[in-house]
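Comments concern the structure below.
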Amino acid sequence: MKNITTKQFQLLSDNQTVWDLLVENYGENGVEAPFFEYALTSSWLDKRYLYLNRLWFDKGKAVAIVFYEQPCTDIYFSLHQGYEALAEEMIAYAEKYMPGNEKEKTFFFCPGQQALMDAAEKKGYRQEFTIENYVIDFDTAQLNYPLPEGFHFVKHDKVDPVKHAICCWKGFDHEDKGPFENWEGEDPGTPWNPQKAYQGTISDIMAPPPHSTYEYNVIIANEREEYVCFSGMWWVPENKLAYMEPLCTIPEYRHKGLAAAALSVHYRRMKELGAACMTGGGNEFYRRIGYNRKNQTYGWKR
C-alpha cells in the first residue's frame with residue numbers, strides 16, 4: 001500500500017480527524033466516536049502518552065488509528081474496510097510503542113476486526129475475556145418510566161457546576177477518598193480528588209468538547225435542590241447514535257427509578273431527532289428496564 005503514511009496524534013489538530021474516522025467506522029470496525037473524545041477531554045485521562053497514539057493515512061485521508069484509554073495499557077483500534085493489510089503493522093506498533101509492557105497491555109477488538117485479531121494471534125495474543133454492554137434499539141423497544149414524586153429535572157442552562165461535581169463524586173462512589181471539600185484548591189496530585197472532579201465539570205461547562213451535546217444531558221434534583229442523578233448524552237446524527245455517557249445516581253437515592261426516568265427522557269428526545277439506538281452499560285439494570293441488545297468487545301492479552 002504505497003500511498004500509506006503515518007503520523008503521531010496531536011491534541012490540538014487531530015481531534016476532528018479521529019472523530020471523522022470513528023464515525024465512518026461505526027459498527028463492528030471500531031468503537032463509537034464519543035468513546036474517544038469523552039476520554040480525551042476528561043480530567044481523569046492520563047494524557048502523558050497521547051503522542052503515542054498513531055494515525056494511518058491514504059493520500060491524506062485517515063484510514064486507521066491505534067489509541068489508548070484509561071488505564072493507558074488499554075489499547076483500541078479502528079481500521080477502515082479495505083485496509084486490512086495494515087493490521088499486522090498496527091499490532092506491531094501497539095506491541096512495541098504503546099504504554100505498558102507485554103504483560104500489562106490489553107488489546108480491545110470489536111467483532112468485525114478479524115484481521116486485527118488474526119494479526120494479534122500471530123504475535124501470541126489470545127482472547128481472555130468479553131465485555132458486553134447493553135444497547136436499546138428504538139424500533140423494537142421503548143423506555144417510558146416516569147419521574148418519581150419529589151424530584152424534578154434541572155434545565156441544562158441552569159446547571160450549578162459544584163452541585164454537578166458533588167453528584168458525580170458521590171454517584172461514582174468516590175466518597176471512600178474523602179468528602180468533597182476544597183474543590184477550588186490546588187490539586188494535591190492524587191489519582192482522583194475533588195479538585196480534579198470540579199475542574200472536569202467546570203471545564204465541560206465553560207469549554208465543552210467539540211462534539212458534545214450537553215443540551216441533551218439530564219440532571220435530576222430533589223426537593224432541596226441537591227443533584228442526585230446525572231446522565232450524559234452525545235448525539236451523533238451521522239450514525240443515528242445516542243451515546244449515553246456517563247450515568248450515576250448518588251447511593252442514598254438508588255433503586256427509586258431515577259436513572260430509568262432519566263434514560264426515558266433521553267429515549268424520547270433522541271427518537272424525535274432520528275436516533276436508531278442508544279448505548280448503555282453492562283449492568284443488568286439496563287436489561288431490566290428494556291434494553292434489548294448487547295454489543296461485545298473482546299479483550300486480548302499475551
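The values are calculated or read from the model by the stated rules, or taken from the named source; none is laboratory data. Note that the structure is predicted; figures quoted are calculated from it, not measured. Reconstructed Cβ throughout: ideal geometry from the backbone, glycine too, with neighbour counts over all protein chains shown. What goes into the accessible areas is simple: the full protein's heavy atoms, side chains included, and nothing from ligands, DNA or RNA. Shrake-Rupley method; radii C 1.70, N 1.55, O 1.52, S 1.80 Å.
Can you put PHE138, PHE35 in order of accessible area, largest first, using a 1.4 Å probe?
Solvent-accessible surface, decreasing: PHE35, PHE138.
Considering only protein heavy atoms and a probe of 1.4 Å, how much of the accessible area of the chain is carbon and sulfur, as a whole percent?
49
Relative to the longest principal Cα axis of the chain, at what angle does helix 161-171 sit, 0 to 90 degrees, rounded to 10?
80
Enumerate by residue number the GluC sites (Glu not before Pro) in region 18-69 meeting two conditions: DSSP loop (anything except H, G, I, E, B), and at most 14 other Cβ atoms within 10 Å of the site's Cβ.
Qualifying residues, ordered by number: GLU28.
Expressed as a rounded percentage, what relative contact order does the chain have, with Cα pairs under 8 Å and six or more residues apart?
Rounded, it is 23 percent for the chain.
Relative contact order for region 40-188: what is it in percent, counting Cα pairs under 8 Å that are at least 6 residues apart?
Worked out over region 40-188, it gives 14 percent.
Just subtract the alpha-carbon distance of LYS59 and HIS255 from 0.36 nm times their residue separation and send over the number in nm, one decimal.
That pair, LYS59 and HIS255, stretches by 65.2 nm at full extension.
Would you work out which of LEU50, TYR145, CYS248 lies farthest towards the positive end of the dipole of the chain? Charges go on Cβ: Lys and Arg +1, Asp and Glu -1.
Highest projection toward the positive end goes to LEU50.
If you average the alpha carbon positions of region 4-69 and of region 116-177, how far apart do those two centres end up, in angstrom?
The distance from the Cα centre of region 4-69 to that of region 116-177 comes to 21 Å.
Kirkwood Rh over alpha-carbon pairs of the chain, then Stokes-Einstein at 10 °C and 1.306 mPa s: what D in µm² s⁻¹, rounded to an integer?
In µm²/s, the coefficient rounds to 77.
In deg cm²/dmol, rounded to 500, what helix-only [θ] at 222 nm does the chain give when every DSSP H run of at least 4 residues adds -39500 (n - 2.57) and the total is split over its residues?
Calculated mean residue ellipticity at 222 nm is -8500 deg cm²/dmol.
Could you quote the convex hull projected area for region 121-233, Cα atoms only and averaged over all directions, in nm²?
12.2
Toward the positive end of the charge dipole of region 167-239, about the Cα centre and with charges on Cβ (Lys, Arg +1; Asp, Glu -1), which of PRO237, MET206, GLY189 goes farthest?
PRO237
Please work out the average accessible area per residue across the chain, using the 1.4 Å probe convention, and give it in Å². Walk me through the numbers before you get to the answer.
On the way: 14750 Å² over 302 residues.
That works out to 49 Å² for each residue.
Over all alpha-carbon pairs of region 32-127, lay out the pair-distance distribution in 10 Å bins, whole %, shortest bin first.
The distribution over region 32-127 is 15, 51, 31, 3, given as percents.
Are there GluC sites (Glu not before Pro) in region 207-302 that DSSP marks as loop and that have at most 15 other Cβ atoms within 10 Å, and which are they?
On the way: sites: GLU215, GLU223, GLU225, GLU226, GLU238, GLU252, GLU272, GLU284; in loops: GLU223, GLU225, GLU226.
Qualifying residues, ordered by number: GLU223, GLU225, GLU226.
So which lysines pass the test for LYS105, namely a Cα distance under 20 Å, with those fewer than 8 places away in the same chain ruled out?
LYS47, LYS96, LYS122, LYS123, LYS301
For the chain, with only Lys/Arg (+1) and Asp/Glu (-1) charged at the beta-carbon, what is the dipole magnitude about the Cα centre, in debye rounded to 20?
Details: 32 positive and 42 negative charges, 107 e Å.
Once rounded to the nearest 20, the dipole reads 520 debye.
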